[in-house]
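Remarks on the structure that follows.
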Amino acid sequence: MQGKAQDASEGGKLRGVSGEVLYGEKIEIREPEAATSTPEPEVEMQRIDLDEEVRVAIVGAGGYGRVALDVLLAGGLGDRVLGFYDDAHATLSGEVRGVPILGDVSMLKSMLSVEVVHVVVAITDNAARLRVANSLRTLGARFLTAAHPEAYVSAAAVVGDGCVVAAGAIVHPDAALGSHCFVGPGAVVDRDAEVGAGSWISAGCVVGPGTRIGARVVLGQNSSVGRKAVVDSDAEVGALEHVDQGGG
């Protein structure tokens, strides 16, 4: 995995490499994870030693969950994945690529009360993803950031906890992603761009330099946001659409 965390007080850098797990250390971006009464969390990242017994759970066994698993497998972390938790587990097959579907999210919450688990919340709906992440965070979950070995994340970029960066995605220097974002295959987040927590950047998107993307935004496939443009929180930009200026 790749990424960089920046300490809010001193601007320190954390450089990631393929196969590295990141969570914990405070960085600059602060975004509300959901429009609820839950206190606003700080984006957090921290380097941990892979010699530790890291246990990873994926919440959501649908399409996004399969992508998250693929990224973890590509990064050599398959043996650390406990399994999937999904509230629709009774209607699903028992496993995904040999990884078991263990039960619903309440079972994961029970586990968090007795042991440390690193979580990837792989729910496609942005608001639901952040709502579930909030509920798990309050119980002590740590969130794993996963970047495919064939993605490029600059050491001078900030990637919040719980993000998934797919194969072929590029995050340029001084770009910043809030917690629990998805960056799809072939997407580009250009220099100095800021993307709010829980946003979904679909395959082939281009987020231009210096743009400001709010929380829980959906950018459709092959859409683009121009230089220094602004996209408001909860907005949706359709496939192939282009945003030129603020308030999109």
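Among the residues of the stretch 136-151, which ones are touching a residue at least 60 places away in the same chain (Cβ under 8 Å) and either within 24 Å of Glu53 (Cβ to Cβ) or touching a helix residue (DSSP H, G or I) at 6+ places or on another chain (Cβ under 8 Å) (or both)? Once the filter is applied, which keeps residues that are touching a residue at least 60 places away in the same chain (Cβ under 8 Å) and either within 24 Å of Glu53 (Cβ to Cβ) or touching a helix residue (DSSP H, G or I) at 6+ places or on another chain (Cβ under 8 Å) (or both), the stretch 136-151 yields Leu136, Arg137, Thr138, Arg142, Phe143, Leu144, Thr145, Ala146, Ala147, His148, Pro149, Glu150.
Scanning the stretch 126-144 for residues that are hydrophobic (A, V, I, L, M, F, W, C), within 21 Å of Val217 (Cα to Cα) and in a helix (DSSP H, G or I) returns Ala127, Ala128, Leu130, Val132, Ala133.
Scanning the stretch 155-168 for residues that are assigned to a loop (DSSP other than H, G, I, E, B), over 8 Å from the mean Cα position of the chain (by Cα) and farther than 17 Å from Thr124 by Cβ yields Ala155, Ala156, Ala157, Ala167, Gly168. The set of residues from the stretch 70-125 being among the β-branched types (Val, Ile, Thr) and not in a loop (DSSP other than H, G, I, E, B) comprises Val71, Val81, Thr91, Val96, Val99, Ile101, Val105, Val119, Val120, Val121.
Conditions tested, residue by residue: (1) modelled with pLDDT under 95; (2) in a loop (DSSP other than H, G, I, E, B); (3) not small (Gly, Ala, Ser).
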{"position": "Gly204", "(1), (2), (3)": "no, yes, no"}
{"position": "Gly210", "(1), (2), (3)": "no, yes, no"}
{"position": "Arg216", "(1), (2), (3)": "no, yes, yes"}
{"position": "Gln221", "(1), (2), (3)": "no, yes, yes"}
{"position": "Lys228", "(1), (2), (3)": "no, yes, yes"}
{"position": "Ser233", "(1), (2), (3)": "no, yes, no"}
{"position": "Leu240", "(1), (2), (3)": "no, yes, yes"}
{"position": "Gln245", "(1), (2), (3)": "yes, yes, yes"}
{"position": "Gly248", "(1), (2), (3)": "yes, yes, no"}
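Before we move on, is Ala141 among the hydrophobic types (A, V, I, L, M, F, W, C), closer than 23 Å to Val71 by Cα, out of contact with any Gly (no Cβ under 7 Å at 6 or more places or on another chain) and surrounded by fewer than 17 Cβ atoms within 10 Å (Cβ to Cβ)? Considered against the rule, which asks whether it is among the hydrophobic types (A, V, I, L, M, F, W, C), closer than 23 Å to Val71 by Cα, out of contact with any Gly (no Cβ under 7 Å at 6 or more places or on another chain) and surrounded by fewer than 17 Cβ atoms within 10 Å (Cβ to Cβ), Ala141 comes out as no. Checking each residue in the stretch 219-236 for being within 19 Å of Ala169 (Cα to Cα) and crowded, with 21+ Cβ neighbours inside 10 Å picks out Leu219, Ser223, Val225. Looking at Ala128 and the list (1) surrounded by fewer than 24 Cβ atoms within 10 Å (Cβ to Cβ); (2) closer than 26 Å to Gly226 by Cβ, which single condition is not satisfied? It fails just one condition, (2).
The values are calculated or read from the model by the stated rules, or taken from the named source; none is laboratory data. In this text the structure is predicted, and so the values were computed from the model without any measurement. Methodologically, a virtual Cβ is constructed for each residue, glycine included, from the backbone with ideal geometry; neighbour enumeration extends over all protein chains shown.
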